[in-house]
Amino acid sequence: MEIFWLLGIPLAGGVFLALWGSRRHAPEINALFSLATLLAAAALTHRIIEDGPMMVGAGWFFIDSFNVFLVALTAFVAFTTALFSRPYMRIEQEHGRLNDKRLRLYHSSYQIFIGAMLLALTTNNMGILWVAMEAATLATVLLVSLYRTPASLEAAWKYFILCGVGIALALFGTILLYFAAEKILGSGGTALLWTHLNGVKAQLEPTVLSLAFVFLLVGYGTKVGLAPLHSWLPDAHAEGPTPVSAVLSGLLLNVALYAVMRSKVLVDGALGTDMAGNLMMGFGLFSVVLAAFMIKRQTDVKRMFAYSSIEHMGLITFAFGMGGAVANFAALLHMTMHSLTKSAIFFAVGHATQKAGTQLMDDIRGLIKTNPTIGWGLMLGTIAILGVPPFGVFASEFLIITTAMHEHPWATPFLLLALGVAFASIFGRVQPMVFGETELPRLPHQPALAPVFLHLGLVLMLGLFIPPYLADWYRQAAELLGG
Amino acid sequence: MTLAYHLQIVNLLAALLLLISFAMLSQRRVVALVTLFAWQGAALATSTAIVAWSTDQHHLYYSAALTLLLKVIAMPWYFYRLVRKLNVNRVVEPMINIPTTMLIGIVLVIFAFNLALPISEISGTVTRSTLGIAMAIVLLSFLMMITRTKAIPQVIGFLAMENGLFFAATSATYGMPLVVELGVALDVLVGVFVLGIFIFQIRETFDSLDLKHMEKLREK
């Protein structure tokens with residue numbers, strides 16, 4: 001039952017806000033709908049912890065420990081982002097960058113976007129998974145171009161076309177998957193159900209499945225932002241409104257990677273080789289290294305953190321590619337940490353750029369003087385994402401690197417080099433932004449920094465101590481992914 | 001031997017689809033491109049209906065009707081209106097000249113047939129021989145997207161690619177499950193709708209639909 005609430009609330013929110021989204025209290029209504037979604041997700045999570053994996057709605061939805069943790073994370077970050085966007089969007093409106101009509105579009109699309117991601121996470125049907133991923137893209141295209149500046153339109157067009165092509169390749173992969181499945185499961189709706197496929201994965205035709213996986217990886221990988229398919233990502237993150245950057249980075253990339261992992265489980269079962277894992281390791285490692293060196297060249301703060309997202313998604317993909325219980329555990333942990341930390345950073349960056357009136361890092365100075373909370377939020381977030389202990393990112397990165405040393409020693413120098421370069425460049429850039437000299441005015445509305453410190457607090461807590469039930473939960477999911 | 005007879009029609013239509021793809025690749029006028037896209041949809045719908053009839057796969061009828069409704073009637077109508085409203089029906093030069101594009105296209109077709117060979121060998125459908133053509137359509141549409149610099153031709157390329165994918169699904173497996181096809185159709189419809197809004201935004205901001213204006217976001 002919870003599942004229908006979980007999917008129904010964002011949908012209802014989308015419709016409601018499309019009709020009434022330009023009202024004065026629309027931002028609060030948006031946050032309320034997100035809170036309701038979070039409660040539904042919490043109820044669902046509670047149910048799964050109590051009863052274990054389950055199928056709902058005649059097999060149409062399947063919830064296990066792998067996707068329920070992503071559902072909880074998605075609903076949580078969606079809620080905090082809605083809280084953040086409340087003052088942020090008001091300030092944007094006062095700066096004259098938005099009008100009522102666009103704000104209505106923003107609120108409505110935001111809810112639909114969250115709903116589409118939750119559908120992608122919970123559906124059992126690989127075809128519906130594709131449909132939901134595409135719906136999530138479409139919902140965000142107009143959000144990226146919300147400011148209607150030439151640069152934002154260009155970014156949105158690039159996002160639309162590149163992700164469109166990517167997702168078309170994924171559709172072909174899905175067709176191939178169905179083609180292999182149909183031979184064993186018979187034609188009709190059930191042949192694309194993941195649970196059915198998982199049951200017969202050893203009998204699926206290996207040649208077809210390996211071809212299918214290549215298409216699925218390249219297709220969904222475009223959305224994960226894996227290099228060399230990443231070129232839409234920095235543009236979309238830099239030119240869209242900051243709450244959108246936060247949810248794209250913190251949530252959409254995860255959901256796309258989730259789709260890849262569901263496919264990988266099937267392909268591993270059919271092939272019995274490391275082909276899928278090796279491909280993922282290759283893409284992942286390339287993304288980590290490329291992104292680290294691109295970070296160094298950025299002048300726009302949101303672009304820089306967008307590249308940092310590519311780096312971290314690459315790291316997670318690499319870890320999933322290695323496979324095995326420890327690496328999967330680390331990858332899942334890192335997914336959580338990255339979502340929480342990166343969205344917190346975007347919240348802080350959002351207010352910082354509003355204050356300075358620019359996204360150029362050279363022009364943002366001395367945050368800590370005029371608005372200490374923004375300054376500290378940005379600094380702590382940066383330290384956390386760079387993997388400084390005791391934050392949780394350190395724990396997951398440490399696990400990934402030690403596993404890599406054990407199993408694939410050749411990869412460790414690349415990883416360490418990339419992490420080092422990223423550390424030096426990001427820290428060097430952020431430090432003057434926070435501590436430099438400035439005479440910037442204050443913001444007209446009280447910035448929403450509670451979400452920043454809430455996220456960072458969670459990351460810090462998880463770095464020091466992972467509650468046993470959470471660890472169990474990750475462990476179960478890691479075993480499920482096998483490899 | 002009635003089946004063989006139907007099959008011949010399907011093969012004929014497949015050849016027609018491929019020809020239309022090449023015609024689209026060489027077409028410089030937007031309106032003519034939309035017309036070709038409508039014809040491609042019509043050929044696809046007909047071939048899907050014939051496959052449905054000859055193999056008794058009833059859900060393919062829905063798929064054919066959906067193609068007819070969306071890709072032959074609704075979308076071309078919408079594009080015609082868009083082109084008229086925006087007055088963009090001028091001759092547009094693609095980035096690579098047309099003879100070269102055609103030659104690349106031929107290479108792609110050969111590549112597509114090779115790629116499809118192992119799959120169609122395993123396939124048990126009567127239409128498996130057309131899988132190579134479906135792959136070729138996908139690749140040719142992709143090429144069209146790369147070589148065009150205007151917004152509407154790029155999107156028509158994208159939709160033609162979708163046509164190719166549908167055709168691939170029909171030839172390899174007699175189509176995807178109905179829910180999935182409905183979902184895909186819904187996404188495509190919403191996509192075209194989003195595009196409509198988007199094109200007006202681009203037009204308002206740049207005074208043109210030429211994507212050459214949109215090359216500012218580059219790595220320095």
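The values are calculated or read from the model by the stated rules, or taken from the named source; none is laboratory data. Note that the coordinates shown come from a computational prediction; the quantities given were computed from them, not determined experimentally. Positions of Cβ are generated from backbone atoms using ideal geometry, with glycine treated the same way; all protein chains shown enter the neighbour counts.
For this structure, a couple of remarks:
- B:Val83 meets the conditions (1) closer than 30 Å to B:Asp207 by Cβ; (2) within 14 Å of chain A (Cβ to nearest Cβ) in every case but one. The failed one is (2).
- Residues that are crowded, with 20+ Cβ neighbours inside 10 Å and in a helix (DSSP H, G or I), drawn from segment A:357-369: A:Met361, A:Leu367
- The number of residues in segment A:192-225 that are farther than 26 Å from A:Thr140 by Cβ, facing another protein chain (nearest Cβ under 7 Å) and either touching an Asp or Glu at 6+ places or on another chain (Cβ under 7 Å) or touching a residue at least 40 places away in the same chain (Cβ under 8 Å) (or both) comes to 1.
- Yes/no for B:Met102 being over 25 Å from B:Ala49 (Cα atoms), buried (at least 23 other Cβ atoms within 10 Å of the Cβ), in contact (Cβ under 8 Å) with a residue 60 or more places away in the chain and away from chain A (no Cβ under 11 Å): no
- Residue match in segment A:241-253 (condition: over 23 Å from A:Leu103 (Cα atoms), under 10 Å from the mean Cα position of the chain (by Cα) and not in a loop (DSSP other than H, G, I, E, B)): yes
- Extreme residue, modelled with the highest pLDDT, among residues of segment A:213-238 that are of a type in the set (Gly, Ala, Ser) and under 15 Å from A:Leu290 (Cα atoms): A:Gly225
- So A:Ala12, is it of a type in the set (Gly, Ala, Ser), over 24 Å from A:His107 (Cβ atoms) and assigned to a helix (DSSP H, G or I): no
- Of residues in segment B:146-177 being within 7 Å of another protein chain (Cβ to nearest Cβ) and at pLDDT 85 or above, the one farthest from B:Thr125 (Cα to Cα): B:Gln154
- In summary, A:Gly420 fulfils each of the numbered conditions (1) at pLDDT 90 or above; (2) outside any helix (DSSP H, G or I) with the single exception of condition (2).
- Count of residues meeting criterion [surrounded by fewer than 21 Cβ atoms within 10 Å (Cβ to Cβ), in a helix (DSSP H, G or I) and facing chain B (nearest Cβ under 8 Å)] in segment A:169-189: 2
- Taken over segment A:467-483, residues that are among the hydroxyl-bearing types (Ser, Thr, Tyr) and either within 19 Å of the chain's Cα centre (by Cα) or outside any helix (DSSP H, G or I) (or both) amount to 1.
- Single residue of A:Thr37, A:Thr80 found to be closer than 25 Å to A:Asp472 by Cα, touching a helix residue (DSSP H, G or I) at 6+ places or on another chain (Cβ under 8 Å) and of a type in the set (Ser, Thr, Tyr): A:Thr37
- Among the conditions (1) buried (at least 22 other Cβ atoms within 10 Å of the Cβ); (2) more than 9 Å from chain A (Cβ to nearest Cβ), the only one that B:Leu117 does not satisfy is (1).
- For A:Tyr110, the conditions (1) more than 17 Å from A:Pro451 (Cβ to Cβ); (2) in contact with a Pro (Cβ under 8 Å, 6 or more places away or on another chain) all hold with the exception of (1).
- Qualifying residue in segment A:459-466 (condition: modelled with pLDDT under 95, part of a helix (DSSP H, G or I) and aromatic (Phe, Trp, Tyr)): no
- For segment B:58-94, taking the residues that are outside any helix (DSSP H, G or I) and of a type in the set (A, V, I, L, M, F, W, C), the one that is modelled with the highest pLDDT is identified as B:Val88.
- Considering B:Val188, B:Val194, B:Val184, B:Val180, the condition of being more than 7 Å from chain A (Cβ to nearest Cβ) and crowded, with 16+ Cβ neighbours inside 10 Å is satisfied by B:Val188 alone.
- All conditions in (1) of a type outside the set (S, T, N, Q); (2) away from chain A (no Cβ under 11 Å); (3) under 29 Å from A:Tyr106 (Cα atoms); (4) within 14 Å of the chain's Cα centre (by Cα) hold for B:Leu143, with the sole exception of (3).
- Residues within segment B:6-32 that are within 11 Å of the chain's Cα centre (by Cα) and over 30 Å from B:Lys85 (Cβ atoms), tallied: 1
- Here A:Ala75 fulfils each of the conditions (1) part of a loop (DSSP other than H, G, I, E, B); (2) touching a Leu at 6+ places or on another chain (Cβ under 7 Å); (3) among the small types (Gly, Ala, Ser) apart from (1).
- Residue among A:Ala136, A:Ala155 that alone is closer than 29 Å to A:Arg102 by Cβ, modelled with pLDDT of 90 or more and facing chain B (nearest Cβ under 7 Å): A:Ala155
- Some residue of segment A:54-70 being among the aromatic types (Phe, Trp, Tyr), surrounded by 17 or more Cβ atoms within 10 Å (Cβ to Cβ) and outside any helix (DSSP H, G or I): yes
- Within segment A:336-356, the set of residues being aliphatic (A, V, I, L, M) and buried (at least 24 other Cβ atoms within 10 Å of the Cβ) comprises A:Met337, A:Leu340, A:Ala344, A:Ile345, A:Ala348, A:Val349, A:Ala352.
- Qualifying residues in segment A:139-152 (those that are within 9 Å of chain B (Cβ to nearest Cβ), more than 20 Å from the chain's Cα centre (by Cα) and not in a helix (DSSP H, G or I)) - the one nearest to B:Glu162 (Cα to Cα): A:Arg148
- Enumeration of residues in segment A:408-443 that are surrounded by 14 or more Cβ atoms within 10 Å (Cβ to Cβ) and more than 27 Å from A:Arg297 (Cα to Cα): A:His408, A:Leu443
- Filtered residues of segment A:308-335 (kept if of a type in the set (Val, Ile, Thr) and either surrounded by 24 or more Cβ atoms within 10 Å (Cβ to Cβ) or touching a Lys or Arg at 6+ places or on another chain (Cβ under 9 Å) (or both)): A:Ile310, A:Ile316, A:Thr317
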